[in-house]
Structures are given as C-alpha cells and as structure tokens.
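One structure below.
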Amino acid sequence: MKINPEILKKYKPYIIFLAAILNFGFYFINNSHSFSLPYLAFAGYTTFALLFGILVYEAVIGESVIIKKIFSISILRFFGKISYGLYVYHWPVYLLFFLPLTKFFQTISILHPVFELCSATIATLIAITISHFSFKYFEKPILNLKKYYI
C-alpha cells in the first residue's frame, strides 16, 4: 500500500474472485474426499482473513456507499461505542445474574417454558446498561485525555 496505494482499488475484484474460487474449489475437493480434509486449516482461515481484511480496508477508507450506510445505522454505532465494555462486562454479569434470574423465573409458572430466555435477555440488558455507563463515565473521559498526551 505504501508503494502503490491504488493497487487494491485496481485488483480488489480479482482478489475477491480468487479467494472465492480457492474457497469453493477446496470445498468441492473436500467433498470428493468425504470431508476428511481440514477445510479451515487449508483454505478457510486464509480466505476469510483476506476477505475480512478487504472489508476493514473498505470501512476505513470509506469510499463504499454500502459500507457507509451500514456504519451510519445508529444501533450499530451505539454497540460499536460500548463494544469493549460489553466484551469486558458480559461474562461477570452473566455469572452474577443468570442463575438467580433463572430460579426467580422458574417460580413464575406462566414464564416456565421460556425462563432461560428471560434470564438471558435481562442479563444481556444489564450488561448493555453497565457498558453504556462505563463508556459514558469512564472510557470517554479517558479518551478525551489523549489529546493532552499524544
């Protein structure tokens, strides 16, 4: 990219087509061997990493109309902002709240068929709320300090 910044723009369709051919070609070879070959190790990880790398490149450059529309959806922007907090807090919240909520919902006979779903939904909403407040009152002020230290 430093030598020729236009190279990816020029060859992107060919790279995607080559990755798809490699992926499908290995799938059909693996199919003829009764799926005994390690698909992901041979072709899957490489082609998926290549395609996701191109997707990240497109997202960063921002010239694609489709990606601009996808990243302008407000709910995706919200979850993008709180994603780190959600990553950090979801497991402790699940461990703290899922079992007590499940026991509580088991006592309510009308919710008995879906008590685990109710418990998981409430635990997820609690994790989202904690992540939102963590971003607003902890991460954002710290991110604002970087203008003084960078």
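In a fully extended conformation the segment linking N31 and S74 would gain 11.3 nm over its present Cα-Cα distance, using 0.36 nm per residue. Under DSSP H, which helices of the chain have Cα atoms covering 30 Å or more of the helix axis and a Kyte-Doolittle average no less than -0.5? Span-like helices, by this rule, are 7-32, 74-107.
The apolar share of the surface of the stretch 48-115, taken as the fraction of accessible area on carbon and sulfur atoms (1.4 Å probe, ligands and nucleic acids excluded), comes to 75 percent.
Per the Debye formula on identical point scatterers at the alpha carbon atoms of the stretch 66-150, with no solvent, log10 I(q)/I(0) at q = 0.16 Å⁻¹ is -0.75. Looking at the chain, the accessible area is 78 square angstrom per residue; that uses a 1.4 Å probe and ignores ligands, DNA and RNA.
Label positions at K103 and E139, each projected 7 Å from the Cα along the C-beta direction, are separated by 3.2 nm.
The stretch 95-148 and the stretch 5-60 have Cα centres spaced 37 Å apart.
When all alpha carbon pairs of the chain are counted in 10 Å bins from zero, the resulting P(r) reads 9, 20, 21, 25, 19, 5, 0 %. Its alpha carbons give the stretch 1-66 an Rg and a Dmax of 14.6, 44 Å.
The values are calculated or read from the model by the stated rules, or taken from the named source; none is laboratory data. Note that the structure is predicted; figures quoted are calculated from it, not measured. FYI the Cβ positions are ideal-geometry reconstructions off the backbone, even for glycines, and counts take in every protein chain you see. Surface accessibility is based on the protein's heavy atoms, side chains included, excluding ligands, DNA and RNA. Shrake-Rupley method; radii C 1.70, N 1.55, O 1.52, S 1.80 Å.
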